[in-house]
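Working notes, beginning with the structure itself.
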Amino acid sequence: MRLNWTLGIGLLTFLFGLALGSTSFAQAVATKAELIQELRSAHKLLAEADHDYDGHRAKAAAEVHKAIKELEGKHAGKNHHSASTVKVKPAKEPAIHEPQATSDAQLQQAESILQGLQTKNYPKVTANVTAAITEINTALKIK
């Protein structure tokens, strides 16, 4: 009788641990998907900002792009036609210049998103996000 009780408790503990492990895995996948979505939001803001900032805006966008590709399990330079690449305005369209303050606000919003990300489980992504934040800070010093 004692052996059956011990086996029962052991089996329940195992099943409970298995259930928790499955939940943790599902949360990790959801967290990764959410992280990618947040990175895409920051990338979009960087891509849509109108001013060049001596190339620092583009460098920040490239770092965010690398982070997205790292999370997706792809090499950053492989897929040049991805939705997360920096958009280039067609040459035939007249240039529409937004005020500097609007571009600055977009960069600040992208920086805010990047600073709020939890990337500690992804060291390469953390390095890319840190580099992007550095580039944004440099860009915002340029007037």
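Listed cross-link partners LYS32/LYS120; LYS32/LYS74; LYS66/LYS141; LYS44/LYS69; LYS59/LYS120; LYS74/LYS124 are compared with a 20 Å cut-off, the Cα-Cα value being larger for LYS66/LYS141; LYS59/LYS120. Take 118-124, 52-58 and order them by the average number of nearby Cβ atoms within 10 Å per residue, most first; the result is 52-58, 118-124.
Read-outs throughout are calculated quantities, based only on the coordinates presented, and are distinct from any laboratory measurement. Computed from a predicted structure; not experimentally measured. Please note: Cβ atoms are built from the backbone with ideal geometry, for glycine as well, and neighbour counts cover all protein chains shown.
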